[in-house]
């Protein structure tokens, strides 16, 4: 706990740089990542991250210095070329986008490694430290780096804010953007430039391979919590920033731990938890929804069954044994018993020694399901001209979904009918 | 002699990768290959920690399992959690790779793997690690035996399963209709990719495996429309790259694996520009008159 407060107090200048640096990086690349994710081009960031390496090496060979600014320009140029190359290859040949990404990524990286090793073998003492680009150096960020990160982060955020509306349209409806006269090519270039910028700076913190995670993972996680772009951007930035701080904390308490991989591990955990737990879109929420629907369908089918039995004999008050129900409709006995029990607890059924009977509420609800079923059958035969023996299956499904408003519309469209296609009374 | 062993290793790696790569790029799964090649890292580290040696068999098993797990996770995220497919790939492999790097740092004293080696391997050391039998007979570099065995396995796999692999890649619907299990062959293919990745790992590293998986098949894809020709062509292109890459690396004194990747890229550019049927500098003259007739 003491360590935790020491960490939070930022008394150590090194901690301050590492934490703020990781936070800025992770936060700003997450924002850019949201746009690439929504354009379904998430892996492009991975290609840029690898393609940065030859640029760094070339800049070093040509300039002979390790001035970070010059290296960044080199990185920016090859990163940018790699994206143009991917576009060019996919548009001018039959190579698919995933192949083009894999190709550009590995070949650019291969060239980078070739140059890097050649520089290392050349005996030039100034070269040491270039390989920091491979795995990042988040733990050794200094004041100068922090200034560079802050400038880039501000630039990225400002560009996103200024062009928010345009970028949004580009992500969701490119064709419409083109029709109303937006400079789509220009916007694509802007987004490309922003991606390259985020990668070029971020790579120094987490390294070549893990940079892709800084772009993709927070965006993918945030996507599960909201449908609004603005909220998604803020969420992704917060998740990214949090994992940046947490990663810095881990490597503060255990100095042997690499900061970059920990940042990625933490943001991945957040993402995986989001995939599983997010309300609405998450995996578990989906399972629960499916279970609930299944239960609803079972219950409505049982009510419908009892109603139909009562209707056939014009007698709703006699109790009917389970056996009789199962004869009319094949429901697994265990499920049927469970459903009947549930319905009794809700007050739709009564149970006596002889079997089950509908209560007043049960009759009303059962009648509604039967009515919807027959209305839909009639609608299908009258409006879609389906044969009357083809409509039952469809009605079995839709009877559980139709809302009261839709029911009213159906009644109006069909002019309050009395009989369904099988000449049964519509109750 | 060293040059011979290095080029032989490079050619064997290139053969396995190019063959499997043809299936990957036709199934639009090039990036899944990329993901697997990164994600096997924790498998290698764990196998290393459990057995305490660089013995090939446990590593192949560990990484093979991780490779299948990766494919499974990507499928799972995509199908059950409905994560968009490219994001599912990106999240899965970076996550597993990060775990691998963290494991290496935690057990730094015990694991004889360094981070650079993971990324670009060290094919130049291949001739140094000799397999010497108990009788004292030198059988040549250990890596050559490992990758040689894997190459034979891959060749057998492709020859025996040629029809099934072909059908599931081109027409999964038809394959399913005649009773070929698409998911079985999918996972078999992915296991083969993982095995190849691990066997090639020490010599060329994670990312350059991707160069050999993607670049030669993509080049061959621009040169022919016949699948068998494409398989053969991509193997030839891969082997040529291994040769040329070795001498390029010697010439500028750099990483051999990096040079091989550079050459595969160069081959692709040549095919992209001058392919007799599809080169962008050639095809215009051939295609335009046809379009005018229409």
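Being outside any helix (DSSP H, G or I) and surrounded by fewer than 16 Cβ atoms within 10 Å (Cβ to Cβ) is the filter here; which residues of segment A:150-203 pass it? Selection gives A:173, A:180, A:181, A:183.
Here A:256, A:236, A:271 are screened, and the one residue that is surrounded by fewer than 20 Cβ atoms within 10 Å (Cβ to Cβ) and farther than 30 Å from residue A:396 by Cβ is A:256. Every test in (1) touching a helix residue (DSSP H, G or I) at 6+ places or on another chain (Cβ under 9 Å); (2) modelled with pLDDT under 90; (3) on the phi < 0 side of the Ramachandran plot is passed by residue A:321 save one, and that test is (1).
For residue A:131, the criteria (1) surrounded by fewer than 21 Cβ atoms within 10 Å (Cβ to Cβ); (2) over 25 Å from the mean Cα position of the chain (by Cα); (3) within 8 Å of chain B (Cβ to nearest Cβ); (4) at pLDDT 85 or above hold in every case but one, which is (4).
When the residues of segment B:258-294 are narrowed to those that are modelled with pLDDT under 85 and either at the interface with chain A (Cβ under 10 Å from one of its Cβ atoms) or under 18 Å from residue A:85 (Cβ atoms) (or both), which ends up surrounded by the fewest Cβ atoms within 10 Å (Cβ to Cβ)? Step through it out loud before you land on a result.
We begin by selecting, within segment B:258-294, every residue modelled with pLDDT under 85; these are B:275-294.
Narrowing the set further to residues that are either at the interface with chain A (Cβ under 10 Å from one of its Cβ atoms) or under 18 Å from residue A:85 (Cβ atoms) (or both) leaves B:275, B:278-281, B:283.
Details: B:275: 19, B:278: 21, B:279: 18, B:280: 15, B:281: 10, B:283: 16.
If we take residues in segment B:258-294 being modelled with pLDDT under 85 and either at the interface with chain A (Cβ under 10 Å from one of its Cβ atoms) or under 18 Å from residue A:85 (Cβ atoms) (or both), then B:281 is surrounded by the fewest Cβ atoms within 10 Å (Cβ to Cβ).
I'd like to know if segment A:72-86 contains one or more residues that are part of a helix (DSSP H, G or I), surrounded by 15 or more Cβ atoms within 10 Å (Cβ to Cβ) and at pLDDT below 85. There is at least one residue in segment A:72-86 that is part of a helix (DSSP H, G or I), surrounded by 15 or more Cβ atoms within 10 Å (Cβ to Cβ) and at pLDDT below 85. Has segment A:4-24 got at least one residue that is more than 9 Å from chain B (Cβ to nearest Cβ), within 15 Å of residue A:196 (Cα to Cα), in contact (Cβ under 8 Å) with a residue 12 or more places away in the chain and assigned to a helix (DSSP H, G or I)? Looking through segment A:4-24, none of the residues is more than 9 Å from chain B (Cβ to nearest Cβ), within 15 Å of residue A:196 (Cα to Cα), in contact (Cβ under 8 Å) with a residue 12 or more places away in the chain and assigned to a helix (DSSP H, G or I).
Within segment B:218-249, the set of residues being in a helix (DSSP H, G or I) and within 11 Å of chain A (Cβ to nearest Cβ) comprises B:218, B:219, B:221, B:222, B:241, B:245, B:248, B:249.
Condition check: without any contact (Cβ under 8 Å) to a residue 40 or more places away in the chain and in contact with a helix residue (DSSP H, G or I) (Cβ under 7 Å, 6 or more places away or on another chain). Does residue B:193 satisfy that?
Numbers: without any contact (Cβ under 8 Å) to a residue 40 or more places away in the chain: no; in contact with a helix residue (DSSP H, G or I) (Cβ under 7 Å, 6 or more places away or on another chain): yes.
In short, no.
With the requirement that a residue be facing chain B (nearest Cβ under 7 Å) and over 11 Å from the mean Cα position of the chain (by Cα), what does segment A:266-275 give you?
Of everything in segment A:266-275, just one residue is facing chain B (nearest Cβ under 7 Å) and over 11 Å from the mean Cα position of the chain (by Cα), namely A:268.
Give me a count of the residues in segment A:223-265 that are assigned to a helix (DSSP H, G or I) and facing another protein chain (nearest Cβ under 9 Å). Here the count works out to 7. Surrounded by 24 or more Cβ atoms within 10 Å (Cβ to Cβ), farther than 13 Å from residue B:209 by Cα and more than 14 Å from every other protein chain (Cβ to nearest Cβ): is that true of residue B:25 in this structure? So residue B:25 fails the test. Residue A:146: modelled with pLDDT of 85 or more and either outside any loop (DSSP other than H, G, I, E, B) or surrounded by 13 or more Cβ atoms within 10 Å (Cβ to Cβ) (or both), yes or no? It is false that residue A:146 is modelled with pLDDT of 85 or more and either outside any loop (DSSP other than H, G, I, E, B) or surrounded by 13 or more Cβ atoms within 10 Å (Cβ to Cβ) (or both).
Checked against (1) at pLDDT 90 or above; (2) closer than 24 Å to residue B:126 by Cα; (3) facing another protein chain (nearest Cβ under 9 Å), residue B:252 passes all but condition (1). The residues of segment A:226-238 that are touching a helix residue (DSSP H, G or I) at 6+ places or on another chain (Cβ under 6 Å) and more than 16 Å from residue A:202 (Cα to Cα), listed by number, are A:226, A:229, A:232, A:233, A:235. Restricted to segment A:116-128, and to residues there that are modelled with pLDDT of 70 or more and more than 8 Å from every other protein chain (Cβ to nearest Cβ), the residue that is surrounded by the fewest Cβ atoms within 10 Å (Cβ to Cβ) is A:123. Can you tell me which residue is farthest from the chain's Cα centre (by Cα) among those in segment A:398-427 that are closer than 18 Å to residue A:300 by Cβ and loosely packed, with under 11 Cβ neighbours inside 10 Å? Here the residue is A:404. The test for being under 24 Å from the mean Cα position of the chain (by Cα) and in the same structural domain as residue A:169 (by TED's automatic domain parsing) holds for residue A:49. Scanning segment B:69-81 turns up one or more residues that are closer than 24 Å to residue A:206 by Cβ, assigned to a helix (DSSP H, G or I) and facing chain A (nearest Cβ under 7 Å).
Would you point out which residue out of A:102, A:45 is modelled with pLDDT of 90 or more and facing chain B (nearest Cβ under 10 Å)?
Values: A:45 fails: modelled with pLDDT of 90 or more.
Result of the check over A:102, A:45: A:102.
The values are calculated or read from the model by the stated rules, or taken from the named source; none is laboratory data. Computed from a predicted model, the values in this text were never measured in an experiment. All Cβ positions, even for glycine, are placed from backbone atoms using ideal geometry, and neighbour counts span all protein chains on display.
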